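In what follows, a structure is listed as structure tokens, so that the remarks can point back to it.
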Amino acid sequence: MAQVEAALFTIGVFKDMTWAERGIDALKKQGFTTDMITVAAKASPDTAAFIERVLGLVPEQWELPVIGAAVLRGALGETLNGTARDIGRIGMAAAMRRAGFQAHDGLIFETLVGKGGVLVAVQDAPRAADALAVLQSYGGGNAAIGAWAGRV
């Protein structure tokens, strides 16, 4: 049986949009493009405008268990929603397994976003360690690489 290689994401959660913007700006300065970056947060007019400003794209709105209304834009959204299109039923914590994170990581990310944090993910396997260093350096809490893809 051929193994399908999953997308590799590096994720950090910032305490607010100000810190997230600093982190995203630093990622861009390091050569990460907006099509590699995903941003997710609790839905509000401010967070939607923030995502549109930093990524240049209108965010999608999702209704998630635990978090409630959320806005998200980027490749991580497709991975989390999966082929079953069921993130609205299973929630962010469970869906994080699809991006290579263990259940406890997903629970932490979901809890932090639910409390107003801004999740920033970078999809770039060859430079995952670089993305991790930038996220951590600019305040991305619980930053981690989803290295468990295909193993959880």
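Quick note: the coordinates plus some simple rules give every number you see, no bench work behind them. Since the structure is predicted, the reported quantities are computational estimates derived from the model, not experimental observations. Here the Cβ is made from the backbone with ideal geometry for all residues, glycine too, and neighbour counts use every protein chain on show.
Simple point charges give the picture: +1 on the Cβ of Lys and Arg, -1 on the Cβ of Asp and Glu, and for the chain a dipole about the Cα centre of about 180 debye.
Set Lys and Arg Cβ to +1 and Asp and Glu Cβ to -1, take the dipole of the chain about its Cα centre, and tell me which of L107, A70, I51 lies farthest positive. So the residue furthest toward the plus end is L107. Loop-located trypsin sites (Lys or Arg not before Pro) across the stretch 56-143 with a Cβ neighbour count of 14 or fewer within 10 Å are R85, K115, with loop assigned by DSSP. Shown for L132, L57, L72: other C-beta atoms within 10 Å of each C-beta, ranked fewest to most, produce the order L57, L132, L72. Among T47, T83, T18, the largest mean-square fluctuation in a Gaussian network model of the chain (Cα springs under 10 Å) belongs to T83. Counting 0.36 nm for each residue step from E52 to D86 and taking away their Cα separation leaves a gain of 9.8 nm. Taking only alpha carbon atoms, the chain gives an Rg to Rh ratio of 0.93, where Rh is the Kirkwood radius. The Cα center of the stretch 1-68 and the Cα center of the stretch 106-148 differ in position by 10 Å.
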